Structures are given as structure tokens and as C-alpha cells.
Amino acid sequence: MDTAEILCPAIVVGIDGSEAAIRAAEWAVDEAVERDIPLRLVHAIPSQIEPAPFSAVGNVDMEVEYAETALRLACAAVTATGKTVKVDTEVVRGDPAPILIAESVDAAMICIGSTGIGRLARALLGSTATDVAENAHCPVAIVRSHEGHATRLSPLIVAAIDESDDSDAVVEMAIKEARLRTAPVLAVEVLRGETSRMPNSDWEHRVQCWNESHPDVDVYCAATRDGIADFLGVTNRTIALAVIGSSDADQVANLIGPHDHSMIGHAECSVLIVRP
């Protein structure tokens with residue numbers, strides 16, 4: 001791979017051999033096609049803190065073989081989508097989170113798979129996904145292996161907004177994602193504090209501007225005093241994707257999980273963290 005290819009912006013997907021990573025690679029195809037940029041699949045071989053019990057050479061060979069197999073399977077899944085996209089692959093040595101954060105400096109987006117099972121969502125989401133979501137320099141998509149009851153007939157893209165400067169960037173990204181899915185956008189204003197409320201005229205004006213700027217995508221609005229995770233956890237609408245700003249990155253674990261736990265409401269959708 002030459003220097004020009006390395007410096008080319010790409011949609012980067014973390015591949016670890018899991019079904020969740022395969023799903024993330026498939027999800028990322030449309031992102032790469034829409035931008036006309038490569039899809040970059042990266043497998044990080046974690047550094048070993050202690051010497052391995054077997055011969056070092058044998059372990060390295062085994063790790064590399066596993067990494068290459070995982071990348072081949074991911075490439076096959078991408079090819080099976082039938083969509084034309086350039087795919088680059090690379091095996092790197094190092095801990096996955098720092099590797100993906102470093103990739104994010106020049107990437108258009110980082111995509112990671114997640115299943116988020118159990119009550120302790122943050123712990124079970126995984127330190128890699130959590131670290132990348134909170135520290136990457138570009139948008140980060142945490143892709144669910146199964147997006148709940150979402151269907152092609154009734155997807156909805158949710159944009160979590162507030163009074164911060166991130167909100168316009170969040171809505172713009174949500175509109176792009178909605179366009180890919182031929183879906184409407186629900187802009188949910190998260191009210192922070194008892195007195196936090198945008199004047200109705202200003203709020204309506206912003207929604208009107210978004211609709212006028214993007215006539216091909218319908219933008220609706222709602223408001224909640226609960227966090228975005230709580231709002232999505234109790235809604236009866238089908239959510240295909242939740243788009244949030246960097247200030248809500250610490251909510252990713254609550255948005256992704258817990259999974260299949262009837263006593264705790266939660267979204268069953270992928271999450272995209274936007275950075276202005």
C-alpha cells in the first residue's frame with residue numbers, strides 16, 4: 001500500500017473476527033459508497049503484557065493467521081453486498097483502542113461492532129468501543145449486530161440536540177444518514193436543567209430551516225427532559241440510528257445496552273457520535 005492510499009480518507013472498520021465486526025463492515029459499505037472513498041478494514045493484534053506460554057514465533061504466526069482470516073471473511077461480506085467499493089485491509093500490532101483512535105485522525109468515520117448484553121452495559125460494551133467513542137477525532141458508529149425490530153418500511157433517524165454548538169452538526173449528519181435510508185429525522189431536544197428551554201419561535205425556525213435546506217428529507221421535532229437513552233428506551237417508534245454529539249458520548253453504553261432485558265428500557269439501534 002503506497003503513501004497516497006494511506007493518506008486517503010476512508011471509512012475505517014475495526015475487525016476482530018466477530019459477527020458484530022462483520023455487521024459493522026456491511027453497515028459501513030453505504031457510508032463509503034456515498035462518499036466515494038475506500039473502506040479500510042483494520043485488525044489490531046493486541047500487545048502481550050506477559051510472555052506467551054508457547055513459542056513466540058508460533059504465537060505470532062497464529063495471531064497473524066487469525067487476523068488475515070478475519071479480514072478475508074469481512075471482505076467476503078462486503079463483496080456479498082453487491083456494491084462497488086474499494087477495500088483496503090491491514091493487520092497492525094497494538095491495542096485496538098489506541099490504534100483506532102490514531103486511525104480516526106485522518107478517517108471520515110470509524111465503525112465498530114457491538115452487542116451490549118447485560119445490565120452492566122458500560123463494562124460489557126467493551127473498553128475498546130467506549131474509549132474510541134469518547135476519544136476519536138472523527139465520527140464513530142457503534143453498530144448493533146441486530147437493530148431490534150427495525151425494518152426497511154419504517155426506519156427513523158433520531159438526532160439528539162440541545163443548546164450546544166454541536167446540534168447543527170448532529171442534525172446535518174442525521175439528515176445525511178436519513179437520505180441513505182430514505183427515512184425521516186426526529187430531532188429530539190434534550191432539555192438540560194429546569195429552565196433549559198429554547199423559545200418556541202427559535203426552535204420552530206431551526207426546524208423550518210433544516211426542512212428548507214433539505215427538502216428531500218422530512219425533519220420533525222420532539223423534546224424530552226430525560227436523557228436521550230431514556231427517551232429512546234420508552235419510545236414505540238422504530239429507530240434505525242441514533243445520532244448524538246460528542247457531549248453525549250458517555251451515553252453510548254446506555255444507548256447500545258442493556259440488551260434483551262425486559263425491566264430496563266433501551267434503544268435497539270446503532271449509534272453515531274458526531275464531532276463538529
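Quick notes on this structure:
- The residues in region 64-98 that are part of a helix (DSSP H, G or I), free of Cβ contacts under 8 Å to residues at least 60 places away in the same chain and surrounded by 14 or more Cβ atoms within 10 Å (Cβ to Cβ) can be counted, and the count is 11.
- Selection count, region 25-47, where residues are assigned to a helix (DSSP H, G or I), surrounded by 22 or more Cβ atoms within 10 Å (Cβ to Cβ) and either acidic (Asp, Glu) or at pLDDT below 95 (or both): 1
- Selection status of Ala107, at pLDDT 90 or above, in contact with a helix residue (DSSP H, G or I) (Cβ under 6 Å, 6 or more places away or on another chain) and of a type in the set (A, V, I, L, M, F, W, C): no
- Counting only strands (runs of 3 or more DSSP E) that sit completely within region 198-276, those holding 1 or more residues that are surrounded by 21 or more Cβ atoms within 10 Å (Cβ to Cβ) and either more than 13 Å from the chain's Cα centre (by Cα) or modelled with pLDDT under 85 (or both) correspond to 219-224.
- Of the numbered criteria (1) in contact with a strand residue (DSSP E or B) (Cβ under 9 Å, 6 or more places away or on another chain); (2) modelled with pLDDT of 95 or more, the one Glu5 fails is (2).
- Just so you know, in region 48-63 the residues that are at pLDDT 75 or above and exposed (fewer than 13 other Cβ atoms within 10 Å of the Cβ) include one that is nearest to the chain's Cα centre (by Cα), and it is Met62.
- Residue pairs whose Cβ atoms lie under 7 Å apart, sitting 6 or more positions apart in sequence or on different chains, and linking a residue in region 155-175 that is farther than 18 Å from Thr235 by Cβ to a partner that is polar (S, T, N, Q), are Glu163/Ser196; Ser164/Ser247; Asp166/Ser246; Asp166/Ser247.
- Remark: pairs (first residue in region 213-240, under 17 Å from Ile256 (Cα atoms); second residue aromatic (Phe, Trp, Tyr); Cβ separation under 6 Å; 6+ apart in sequence or on different chains) are absent.
- Failed criterion for Ala183 (all others in (1) crowded, with 17+ Cβ neighbours inside 10 Å; (2) part of a loop (DSSP other than H, G, I, E, B); (3) at pLDDT below 85; (4) among the small types (Gly, Ala, Ser) hold): (3)
The values are calculated or read from the model by the stated rules, or taken from the named source; none is laboratory data. Predicted, not measured: the structure shown is a model, and the values here were computed from it. Neighbour counts are summed over all protein chains in view; Cβ atoms, including those assigned to glycine, are modelled from backbone coordinates with ideal geometry.
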